[in-house]
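One structure below.
The values are calculated or read from the model by the stated rules, or taken from the named source; none is laboratory data. Computed from a predicted model, the values in this text were never measured in an experiment. Cβ coordinates were reconstructed from backbone atoms using ideal geometry, including for glycine residues, and neighbour counts include every protein chain displayed.
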Amino acid sequence: RPAHPRRLVRNPMHFLPDSVSRNGGHHVVSINPESKSRAVNREVLSELIKLHGKTSLGGKLPAYDGRKSLYTAGSLPFESEEFSVTLVDPEKKDKEKAEREYKITIRIAGRTDLYHLQQFLKGRQRDMPQETIQVLDVVLRESPSWNYVTVSRSFFSTTFGHRGDIGEGLECWRGYYQSLRPTQMGLSLNIDISATSFFKPVTVVQFVLEFLNLRDTSRPLTDRDRVKIKKALRGVRVETNHQEDQIRRYKITGITPVPMSQLIFPVDERGTRMSVVQYFMQRYKYNLQYTSWPCLQSGSDARPVYLPMEACKIVEGQRYSKKLNDKQVTNILRATCQRPQQREQSIREMVLHNKYAEDKFAQEFGINVCSDLVSVPARVLPPPMVRMLHFFPLSLSYLTGRICSNHILRMCFS
């Protein structure tokens, strides 16, 4: 069909196959004691690199996926090696409990040969080397994983724009999606704007007021309200604010079934029992106000830690993973909706902010990323013609607003 030629600008960042210049090594990492948190695993590997990077690791700067795979540009000077590092948890009060030792075992799993990737991108090989592309993808995600909050394949930060209030104690953060894809033009770094919901870094009391839409703070919470709060806050990290010289963090495991004024627990080995209200007044000179509300609970059921809601603040940067209501979804769409030109400008700003040319991990693996958007040829097809009964074909633009309901239309695509 006849069409008007156009050139469209798409969001992938292009880099040539020749720009990837160094073969790599794939290593399997085992950490003991094992942690399910990628953040903890990254801290362990970061401490290992600080201690042994210039010696045992041969000066290599590895890229780590946060789980089992470690990639290096070139080979490490060993086939298998075990290391030991100690991390200090600043949230623990007791020094002996704050220090935790980790055993890390690194062993070679294979080699990454970039020759097959270059042959595939030049059209000389039909099979796509998916493992090699995965290595490069992990390398380009290493720096953002340290600098931003990672959610699946997207990265979020408050530095990407104003955080928007979406209601019920939540806010939306802007971020970007990133993935490495093979295309007809070579390897392309696909980047797009994204947004998701996070807990607002406010006191737990303020969150409860917004989440339940409460106005009277003197009345006790109903069992239904307590269940809602328990589901919303389970697994959320909070920090205490009743001690100015010491801030400790806890992970919420539940909500007490009784109000704070009725909550009594043993305070010493002799079995002396005291209410939470009395304990905070006697120990910290802190007069609790919301005594009709339940306490947050942390720790295990055998040794619970009771935390008054007014003495806790939600730690910033925690994603809200539960289902949003219609109003919250509308608020996110309203806060992130942009015209194509604005969206393109936002993507360009993301690329400039990330500074791929200065990325130390990309430099380690010899990767060069072009910061310009990809321009591709395209065609704009004319609208189809509409043939009305007893009339000659007319264009859709002419018929807009002129069609009567008693006419029979037949679409005629020419």
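Some observations on this one:
- Of everything in region 323-340 that is basic (Lys, Arg) and in contact with a strand residue (DSSP E or B) (Cβ under 9 Å, 6 or more places away or on another chain), the residue that is nearest to GLY164 (Cα to Cα) is ARG334.
- Any chance TYR290 is among the hydroxyl-bearing types (Ser, Thr, Tyr), buried (at least 18 other Cβ atoms within 10 Å of the Cβ), out of contact with any Cys (no Cβ under 6 Å at 6 or more places or on another chain) and part of a strand (DSSP E or B): no
- Among the numbered conditions (1) in contact with a Lys or Arg (Cβ under 9 Å, 6 or more places away or on another chain); (2) crowded, with 17+ Cβ neighbours inside 10 Å; (3) free of Cβ contacts under 8 Å to residues at least 40 places away in the same chain, the only one that ILE193 does not meet is (3).
- Residue in region 36-44 that is closer than 21 Å to GLY110 by Cβ and among the basic types (Lys, Arg) present: no
- Of note, ASP94 satisfies the criterion of being exposed (fewer than 13 other Cβ atoms within 10 Å of the Cβ) and at pLDDT below 85.
- Number of the condition not met by GLN206 [criteria: (1) polar (S, T, N, Q); (2) assigned by TED's automatic domain parsing to the domain that holds TYR286; (3) under 19 Å from THR291 (Cα atoms)]: (2)
- Tally, over region 265-319, of residues that are under 17 Å from GLU244 (Cα atoms) and β-branched (Val, Ile, Thr): 2
- Selected residue (only one of ASP223, ASP216, ASP192, ASP245 is within 30 Å of GLU349 (Cβ to Cβ) and of a type in the set (Asp, Glu)): ASP192
- Odd one out for ALA378 among (1) modelled with pLDDT under 85; (2) in contact with a Leu (Cβ under 6 Å, 6 or more places away or on another chain); (3) among the hydrophobic types (A, V, I, L, M, F, W, C); (4) crowded, with 17+ Cβ neighbours inside 10 Å: (4)
- Failed condition for ASP245, given (1) farther than 16 Å from CYS312 by Cβ; (2) touching a strand residue (DSSP E or B) at 6+ places or on another chain (Cβ under 9 Å); (3) in a loop (DSSP other than H, G, I, E, B): (2)
- Any helices (runs of 4 or more DSSP H) falling wholly within region 315-382 and containing at least 2 residues that are without any contact (Cβ under 8 Å) to a residue 24 or more places away in the chain and under 30 Å from ARG234 (Cα atoms): 326-336
- Condition check for VAL329: modelled with pLDDT of 90 or more and either over 18 Å from PHE207 (Cα atoms) or surrounded by 15 or more Cβ atoms within 10 Å (Cβ to Cβ) (or both): yes
- Members of region 259-287 found to be of a type in the set (A, V, I, L, M, F, W, C), over 39 Å from the mean Cα position of the chain (by Cα) and assigned to a loop (DSSP other than H, G, I, E, B), listed by number: VAL267
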